[in-house]
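Here the structure comes first, spelled out in structure tokens, and everything after it is commentary.
Values in this text are rule-based calculations from the coordinates and carry no lab data. As the structure is a prediction and not an experimental result, all values here were calculated from the model. Note that each Cβ is placed from the backbone with ideal geometry, even for glycine, and that neighbours are counted across all protein chains shown.
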Amino acid sequence: MNRSPILPIVLALATFALLALALWPQEEPTNTIVVAGRDLGAGTILAPSDLKTVTLPADQAPADAVGDVALLVGESLSVVRYSGEPVTPRHLGPAVILAPDERGIAVRVQADTGLAGLLRPGMTVGVVATLRDDMTNKVYAKSTLENLRVLYVPPSFQARSPQTVVYASGGDGTYAPPPPVQEPVREGVVVLAAGTLPEPVVYEEAETILLRALAEEQSEAEGEPPDVMWAVPVELLAALNAADASFT
């Protein structure tokens, strides 16, 4: 009995097809996200013409990316977004406006030594900078600045989680789960508005602060007034940052 020549051909074609499917490049998952269609300033009320969508590999899209322009139309930008940069819920809010005699400066704040975790943009705060002696590893001085406006607090450094937003992640109408809620961290970088004109600044040795506090507690009266010097707040904060100071 002669075997049909068709069967080997069919088997060969099937084998070739399976190999081709196995070796064929797999399509990478992608996300469609909203980006700025042009350079946008802080305080811009977003219009459809300000935004556009682009498709990126899923691993390159921000975790909180928005996929539908309509979800952002009418919102106000709190920061500058340049053309092509993603626009997400964390970029929305009241615009940060600096006075002519103010500059924005970032400072490192410890959440467990003060109320930093409760800060919100727009609050007016005072800060105490603590420096440590590299030789003795002891705190040796503190400086106090008052009436500094909070410009920015990262979401991970806030005591309460930001409002959850559900958003479209692609052009096919599917929806992605909201980004995971992060616990507040113990240390964060807060941006403050600091003056460019000289102001009185409290400056004391750490030991003096402790002795004055004990004197006030024992006598139930005010102790010796702290030392005061004049300094430009933004320059003082920059110098303290350079000295690796922490703030409370």
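For the range 30-91, the relative contact order is 49 percent, taking Cα pairs closer than 8 Å that sit 6 or more residues apart in sequence and dividing their mean separation by the residue count.
Residues whose amide H comes within less than 5 Å of that of Glu199, counting only those at least five positions distant or on another chain, are Ala231, Val232 (H built at 1.01 Å from N in the peptide plane). The ranking of Met135, Met123 by Cβ neighbour count inside 10 Å, starting from the fewest, reads Met135, Met123.
What list do you get for Phe247, Phe16 if you sort them by fewest beta carbons within 10 Å?
Details: Phe247 22, Phe16 10.
With the sparsest Cβ surroundings first, the list reads Phe16, Phe247.
For the range 30-91, the square roots a ≥ b ≥ c of the C-alpha gyration tensor eigenvalues yield an a/c of 1.5 or more together with a/b exceeding b/c, which makes the shape prolate.
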